[in-house]
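Encoded as structure tokens, the structure appears first; notes follow it.
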Amino acid sequence: MADETSEAAAEQQHAGGAEPQLLIRTQYVKDLSFENPHAPASLRESAAPQIEISVSVNGKSMEGDDHEIELILTASAKRGDEVAFVAELTYAGVFHLSGFTPEQLHPLVMIECPRHLFPFARRVLADCTRDGGFPPLMLDPIDFLALYRRSQDAAATETSGGNGQQNNA
């Protein structure tokens, strides 16, 4: 019975040739900031700075089946208590996502789309730090599935009030 239900749903989804489709319409630097507050002294330092990286993903629906996905990368480098540099990049893309079920759409927006944007954002950030006088910051690949799972777990923890009730914040 379950097989019949899933087959019927698949047939209904693909009726009329509506195959699932992911197209990248465009991608672009939406916001880029580089701060080198102690230059040129910071450029003469020989000790490697401690670098912290933060990653976030935002998605919003646009007209039709188009979605804007933002990959936000922030790199902060310090030597002791002194900031060497701060680089902030919002790299975005417009994706056409059609033929997907609502259950498939959210993971697609938060995992697959940023995975396509990442290599380009990585290059922009590397060029930015190099142009700021530092060695290029070459980010390791990001596991967007793990990020998605952590955010889902955090959201589930946040919505449970310890007594089985949901918080609507």
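Please treat every number below as a calculation from the coordinates, not as lab data. On a predicted model such as this, the values are computed, not experimentally measured, just so you know. Glycine gets a Cβ as well: all are built from the backbone with ideal geometry, and neighbour counts include every protein chain shown.
Using Cβ contacts closer than 10 Å as the measure, can you line up 150, 123 from fewest to most?
Working: 150 11, 123 14.
With the fewest neighbours first, 150, 123 line up as 150, 123.
If neighbour count is taken as other Cβ atoms inside 10 Å, put 118, 134 in order from fewest to most. Mind showing how you got there, number by number?
Working: 118 18, 134 23.
With the fewest neighbours first, 118, 134 line up as 118, 134.
Residues with amide H under 5 Å of residue 59's amide H, sequence separation 5 or more or different chain, H placed in the peptide plane at 1.01 Å from N; which?
The list, which skips near neighbours in sequence, is 70.
Where does region 19-157 land on Rg/Rh, using Cα atoms and the Kirkwood Rh? Display every interim value, and only then the final one.
Details: Rg = 17.3 Å, Rh = 16.4 Å.
Taking Rh as the inverse mean 1/r over Cα pairs, Rg/Rh reads 1.06.
For the residues 105, 97, what sequence is obtained by ranking on other C-beta atoms within 10 Å, fewest first? Write out the running numbers ahead of the final one.
Numbers: 105 15, 97 22.
Listing 105, 97 from fewest to most nearby Cβ atoms yields 105, 97.
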